[in-house]
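A.B. asks: One structure is given below, represented as structure tokens, and several questions about it will come after.
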Amino acid sequence: MNEQQNSNIAEGINRNLLPRHVAIIMDGNGRWAKRRGLPRSDGHAEGVNTVRRITRLSSDLGIDYLTLYAFSTENWNRPKEEVDTLMHLISWALEREIPELLANNVRMLIIGDLDRIPEGPRNVLLGCLEKTAHCTGLRLVLSLSYSSRWEITEAAKKIARRVAAGELSIDNIDEATISDSLATKGIPDPDILIRTGGEKRVSNYLLWQIAYSEFFFTDTLWPDFDGAEYRRILEEFAGRERRFGKTSEQVNPKSN
Ligand code: IPE
Ligand code: IPE
Ligand code: MG
């Protein structure tokens, strides 16, 4: 997507009503390829173009955090050939995007079990983190070898260790203790969770963090997800009333 198209899509949008944090389950790459008689890896490669498009648009709109589900803990169970292709594609594509990320002041972060990622791609990824560490614009949070249950299990271990070491008393464990022990420490909870590809499920993603996120499900396959559809979702979000357990009158006194 060129700059002109991006600015058209961003035009007229009420920036005060934009989410601060958008999380996306990028699903449907395999089906996109299959429908065209192509190998699944071609769908993943095309999905990278959508990542570029949506990252650029999020950055232009001034969104603070864009979190993308790129590879789940359960995805390790896919055929080895697909896993290997994905690891190389993800690391290679990110490295290629560094100049663009830097030009747009985008900082890359990763949540997930990096230890499981083969050394070559892992080193490339760590290099990307380092090269964009000084950027202060959009934070692009990639979920790689990530699942919520893995993250919560790790958090339980961290907290238990602190209690055992006498650094933390059980009665002082509160919601902030848990949030701060997750991989997303310091990142606000997503305002929006989008899932492409037609499935109506969460697939072990950000289970703690999406407690009050607004959900959007679209049948569009990830490689076909474009700026216009993203804009429609952002506009619908702007019109939703988020009540966080309160009544409509409490959160919006003028509607009485
Ligand atoms: C999402 O696309 C990307 C990853 C899980 C890595 P899929 O590969 O799950 O595509 P479908 O769901 O089979 O179409
Ligand atoms: C969820 O997609 C994980 C990612 C998008 C990385 P999957 O394709 O793995 O999800 P399921 O298996 O359909 O639940
Ligand atoms: Mg899928």
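The values are calculated or read from the model by the stated rules, or taken from the named source; none is laboratory data. What you see is a predicted model, and the numbers here were worked out from it, not measured in a lab. Note that each Cβ is placed from the backbone with ideal geometry, even for glycine, and that neighbours are counted across all protein chains shown. When the accessible area is computed, the model is the full protein with side chains, heavy atoms only, and any ligands, DNA or RNA have been set aside. Shrake-Rupley method; radii C 1.70, N 1.55, O 1.52, S 1.80 Å.
A.B. asks: Among the numbered criteria (1) in a helix (DSSP H, G or I); (2) within 30 Å of residue 136 (Cβ to Cβ); (3) in contact (Cβ under 8 Å) with a residue 40 or more places away in the chain; (4) over 14 Å from the mean Cα position of the chain (by Cα), which one does residue 8 miss?
C.D. replies: Condition (3) is where residue 8 drops out.
A.B. asks: Go through (1) more than 16 Å from ligand 1 (Cβ to nearest atom); (2) in a loop (DSSP other than H, G, I, E, B); (3) in contact (Cβ under 8 Å) with a residue 12 or more places away in the chain for residue 199 and report which single condition fails.
C.D. replies: It fails just one condition, (1).
A.B. asks: What do you reckon, is residue 74 open to solvent by 80 Å² or more (accessible area, probe 1.4 Å) and within 16 Å of ligand 2 (Cβ to nearest atom)?
C.D. replies: Yes: the conditions hold for residue 74.
A.B. asks: Pick out the one residue from 57, 86 that is in contact with a His (Cβ under 8 Å, 6 or more places away or on another chain) and open to solvent by less than 30 Å² (accessible area, probe 1.4 Å).
C.D. replies: Answer to the check: 86.
A.B. asks: Now for a different question. Looking only at the stretch 130-150, count how many residues are within 24 Å of residue 84 (Cβ to Cβ) and open to solvent by 40 Å² or more (accessible area, probe 1.4 Å).
C.D. replies: 1
A.B. asks: Using the structure shown, decide if residue 216 is of a type in the set (Phe, Trp, Tyr), surrounded by 16 or more Cβ atoms within 10 Å (Cβ to Cβ) and away from ligand 3 (no atom under 16 Å from the Cβ).
C.D. replies: Against the criterion (of a type in the set (Phe, Trp, Tyr), surrounded by 16 or more Cβ atoms within 10 Å (Cβ to Cβ) and away from ligand 3 (no atom under 16 Å from the Cβ)), residue 216 qualifies.
A.B. asks: Here is a further query. Whether any residue in the stretch 43-52 is under 17 Å from the mean Cα position of the chain (by Cα), within 16 Å of ligand 2 (Cβ to nearest atom) and not in a helix (DSSP H, G or I) is what I want to check.
C.D. replies: no
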